[in-house]
1. Beyond 32 Å between alpha-carbons counts as too far, so tell me which of 621/642; 550/613; 183/288; 223/340; 393/640; 468/535 fall in that bin.
2. Which distance in Å, rounded to a whole number, links the C-alpha centroids of the stretch 256-278 and the stretch 560-613?
3. Once label points are set 7 Å from the Cα along Cα→Cβ at both residue 582 and residue 480, what is their separation, rounded to one decimal in nm?
4. Need one number: nm distance between label points at residue 613 and residue 258, each 7 Å from Cα along Cα→Cβ, rounded to one decimal.
5. Let a ≥ b ≥ c be the square roots of the eigenvalues of the Cα gyration tensor of the stretch 339-397; is it rounded (a/c under 1.5), or, if not, prolate (a/b larger than b/c) or oblate?
6. Give me a comma-separated list of calculated 3J(HN,Hα) values for the stretch 599-604, in order, Karplus coefficients 6.51, -1.76, 1.60 applied at θ = phi - 60°, integers in Hz, x for any Gly or Pro.
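Since every read-out is calculated from the coordinates, none of them should be taken as a lab result. For clarity, every value in this text was computed on a predicted model and none was experimentally measured. When we count neighbours, we look across all protein chains shown, and the Cβ atoms used for this are built from the backbone with ideal geometry, even at glycine.
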Amino acid sequence: MASSFCTRCYSWSLTPTIIPTPPPHRPFTSLSFPRHERLVVHSSLSYSTPISTTHHPLPQDFTPQQLLDSLRRQNDESSALRLFDWASKQPSFAPNPTIYEEVLAKLGKALCRAHQIRPALLLMEEMGNYGLKPDEKTFTTIMQGYIEEGEMKGALRIREQMVDYGCHCSNVTVNVLVNGFCKEGRVDEAFSFIEKMAKEGFSPDQYTFNTLVKGLCRVGHVKHALEVMDVMLQEGFDLDIYTYNSLVSGLCKLGEIEEAVDILDQMVSRDCSPNTVTYNTLISTLCKENRVEEATKLARVLTSKGIIPDVCTVNSLIQGLCLNSNHKVAMELFEEMKMKGCQPDGFTYSLLIDSYCSRGKLEEALSLLKDMESSSCPRNAVIYNTLIDGFCKNKRIEDAEEIFDQMELQGISRNSVTYNTLIDGLCQSRRVEDASQLMDQMIMEGLKPDKFTYNSLLTYFCRSGDIKKAADIVQNMTSNGCEPDIVTYGTLIQGLCKAGRTEVASRLLRSLQMKGLVPTPHAYNPVIQALFKRKRTTEAMRLVREMMEKADPPDAITFKIVFRGLCNGGGPIGEAVDFAIEMMEKGHLPEFSSFSMLAEGLYALSMEDTLIKLVDIIMEKARVSDSEASMIRGFLKIRKFKDALATLGGILNSQRPRKSYRTRN
């Protein structure tokens with residue numbers, strides 16, 4: 001990005017406003033479509049729906065003004081086009097520039113959005129057949145259509161035609177093109193274009209500056225946008241809501257929330273009232289940054305100023321509160337929004353139902369479903385999938401089946417997630433026959449079983465030790481065009497190890513890399529555990545090292561397996577200590593439940609100094625606060641190891657992020 005933006009801005013004000021003398025008149029240059037293409041394109045202007053004077057009460061000898069009035073009364077583009085097409089075939093058709101402007105104004109954007117820019121161009125070209133000349137407004141409409149379609153090159157070609165035709169570019173035209181450059185992230189070209197047009201008499205206005213500020217913020221150059229803002233003030237322009245909102249949005253995207261709040265304060269001091277867009281941007285950013293309390297306070301400010309928060313604002317707050325386990329305040333906010341006339345939407349209900357399900361409060365979740373019905377809020381598959389998932393995870397499979405049946409009665413289509421969730425729940429409840437029948441029903445409804453479907457059935461058979469049926473599932477999966485993934489193979493490896501077939505599991509693990517798959521701890525852990533149980537410690541640790549080098553890093557279960565294996569006679573405890581230190585140095589902090597196993601072993605062997613050393617490393621890596629670290633060291637100093645470990649465990653567990661309950665919607 002050039003560093004001379006502000007210099008450029010100042011240069012505009014010094015450029016004398018001189019309108020160049022228009023070049024000599026040239027006839028409008030045809031766009032030179034091939035004849036057959038013209039016919040095809042022109043036919044797209046016609047509609048099969050017949051036009052009658054019943055629908056458009058125009059006499060056969062209508063005047064241009066009558067046609068214009070009727071065009072302006074059309075509510076949609078297709079109606080206007082049908083009317084124009086009918087009128088153009090009448091003997092009395094005598095259009096004027098205003099009629100074409102009206103048609104192009106209605107149709108330009110619509111045709112471009114429908115990838116039909118050529119019909120719009122032909123409408124402009126046909127003006128010459130009636131002795132009419134396209135003017136600046138006509139050209140600009142087509143340019144705008146191109147820009148809406150993301151075709152800046154096309155817009156620039158139309159500008160060249162406009163110049164060739166001797167039509168002067170007004171501020172509106174220049175601003176349309178500046179906006180086009182900025183929308184494509186080509187802000188530097190926008191500045192260059194403005195400099196060029198300034199030499200032809202263009203003087204930037206409020207819209208120009210706002211477009212540049214927004215464009216700069218969009219590409220992350222907020223510093224330059226703030227410089228443009230300073231120039232605006234020096235040039236005598238008032239900053240409006242669009243200027244400020246662009247700056248607030250740009251700063252929030254960069255994570256500079258304090259600076260965004262400063263802009264908010266600046267707005268208020270300059271008598272520019274923030275609107276819901278301003279607050280939504282700040283509140284959603286604060287929630288994403290886990291600063292929900294500040295976001296809630298800001299929402300209160302919004303309400304105190306008489307600005308009723310919209311549903312987007314409230315949803316951001318409710319989502320942040322739920323993620324921080326502040327369910328009570330989330331529900332209070334939900335009730336408050338309804339009282340103040342802010343109608344919850346499906347996403348609001350989805351967040352709260354998910355929150356209730358995650359805490360096992362299923363009756364409250366069902367109550368919200370009824371509330372949706374009474375408030376006429378459309379229910380969708382996501383809502384029902386969340387409920388089915390909640391009931392399955394809380395071992396209420398019959399209720400989950402009832403909700404599944406309700407979906408059909410309510411006319412809500414059940415999708416793959418719906419079936420997969422219930423199939424998994426049935427497998428977890430050891431009702432594998434019902435799960436298989438449900439998969440058959442899924443296929444009959446035109447839904448194809450996916451990896452999750454097969455993996456649910458596979459998990460059941462592996463846990464029950466039925467390796468033959470597990471292998472059949474993998475075979476069926478492959479024959480039906482569903483390629484097994486690392487979860488499939490990891491589950492099968494786990495089943496093989498459980499059935500005592502460790503060597504087969506080891507061979508399958510080694511074959512995964514040949515298949516182009518990156519093994520995960522889910523695949524390695526069962527084999528490592530089986531080797532430790534057979535006192536094959538060297539082989540187990542070799543696999544751990546291999547996982548660290550060639551696969552995903554060890555997880556909490558890996559730590560538990562290694563610590564248990566080494567601390568329970570599988571090897572010297574010093575090796576477990578070395579492993580823990582090595583992992584932490586590489587950034588893999590063990591969960592406390594894993595570490596406590598090692599800590600208990602060290603304590604039992606009176607290796608307190610080693611335990612203290614490990615605790616210090618964990619506190620450093622976990623960035624425990626000074627006050628918390630001081631408390632833990634105090635317990636260690638007086639040999640209250642259990643109190644020290646309990647305190648450390650509480651701190652580490654509180655740092656773990658809460659996972660969303662709804663994992664498959």
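1. Working: 621/642 21 Å; 550/613 30 Å; 183/288 26 Å; 223/340 39 Å; 393/640 39 Å; 468/535 28 Å.
As for pairs spanning more than 32 Å Cα to Cα, those are 223/340; 393/640.
2. About 52 Å separates the Cα centre of the stretch 256-278 from the one of the stretch 560-613.
3. Distance between the two pseudo-spin positions: 4.3 nm.
4. Taking the two extended label points, one gets 4.0 nm.
5. On the way: a/c = 2.31, a/b = 1.93, b/c = 1.20.
It comes out prolate by the Cα gyration axes.
6. 4, 5, x, 5, 5, 5
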